[in-house]
Amino acid sequence: MKSSKTIIYLTITVMTIIGCNDQTENQSQDNKPVDTIKIQEPNIEKETYSFQKLLQFKDMSFDIKTKGSGSLRQLIIQPKGFEETNKKFELEIDGKVTDAQVADLNSDGFPELLIFTQSAGSGTYGNVIAFSANGAKSMSQVYFPPTSENPKLNKGYMGHDSFLINESSLIQEFPIYKEGDPNSKPTGGIRRIQYKLVDGEAARKFVVDKISDI
């Protein structure tokens, strides 16, 4: 009888020890550090622009941007609000955009978009990239005549242009260089040119309206 009790006691003791060992192992497993999986977010570079401006005229808007930082840059114009087409215009330009303005230059109730550029180099020659609305339907590019090709304008011209809009006119100004003037010191005064927007055979264009040396 005593032997049977001893056997039962030993059996219970062994089972208790095994159970404790299993519990300890389970606790050890639970206490092990869990490996952390690091998820690397994709490196998305934000596109940068060397010039950006948003212009509004009534229900129409123009988002003007340039990409690049060298002498040649990409000009992007995205119109919105036209009824037939709002196609994006992309042009390669020499130099940088200095400003952009919107105005109604032909008094038809619809906008003209003027983008002023300046070439790279010591001369910093100016140019105008312009668009005119075809009513509410779309917009088309406007021709701006090169100053250097006009004999009435180019005498003493060495760049350094500035542009502005005055009521319904486009105004261009630049210093006049006399023979022997260094690039940094023109001595001939200022030439002021007033342009008006007219309808051409194929498209609208700017023509010289007035010239004055001041």
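The values are calculated or read from the model by the stated rules, or taken from the named source; none is laboratory data. In this text the structure is predicted, and so the values were computed from the model without any measurement. Backbone-built Cβ (ideal geometry, glycine too); neighbour counts: all protein chains shown.
Name, by its number, the condition in (1) among the polar types (S, T, N, Q); (2) at pLDDT 95 or above; (3) surrounded by fewer than 15 Cβ atoms within 10 Å (Cβ to Cβ) that does not hold for S168. (2) is the only condition that S168 fails. Given the structure, is S148 loosely packed, with under 15 Cβ neighbours inside 10 Å, touching a residue at least 12 places away in the same chain (Cβ under 8 Å) and either in a strand (DSSP E or B) or not assigned by TED's automatic domain parsing to the domain that holds K205 (or both)? Against the criterion (loosely packed, with under 15 Cβ neighbours inside 10 Å, touching a residue at least 12 places away in the same chain (Cβ under 8 Å) and either in a strand (DSSP E or B) or not assigned by TED's automatic domain parsing to the domain that holds K205 (or both)), S148 does not qualify.
Look at the stretch 175-203: where a residue is assigned by TED's automatic domain parsing to the domain that holds N154 and in contact (Cβ under 8 Å) with a residue 60 or more places away in the chain and a partner is hydrophobic (A, V, I, L, M, F, W, C) and in a loop (DSSP other than H, G, I, E, B), sitting 6+ places away or on another chain with Cβ atoms under 6 Å, you get L197/L105. Here is a check on your reading of the model: is K210 modelled with pLDDT of 95 or more, out of contact with any Cys (no Cβ under 6 Å at 6 or more places or on another chain), exposed (fewer than 13 other Cβ atoms within 10 Å of the Cβ) and more than 17 Å from Q118 (Cβ to Cβ)? Yes: the conditions hold for K210. Take N86 and tell me if it is among the polar types (S, T, N, Q), closer than 30 Å to T117 by Cβ and either modelled with pLDDT of 85 or more or part of a helix (DSSP H, G or I) (or both). Yes; evaluated as a whole, the condition is true for this residue. If you go through the stretch 51-74 and keep only what is closer than 14 Å to S119 by Cα and touching an Asp or Glu at 6+ places or on another chain (Cβ under 7 Å), you end up with S71, L72, Q74. Among the candidates T98, T85, the residue that is surrounded by fewer than 17 Cβ atoms within 10 Å (Cβ to Cβ), within 14 Å of the chain's Cα centre (by Cα) and in the same structural domain as G135 (by TED's automatic domain parsing) is uniquely T98.
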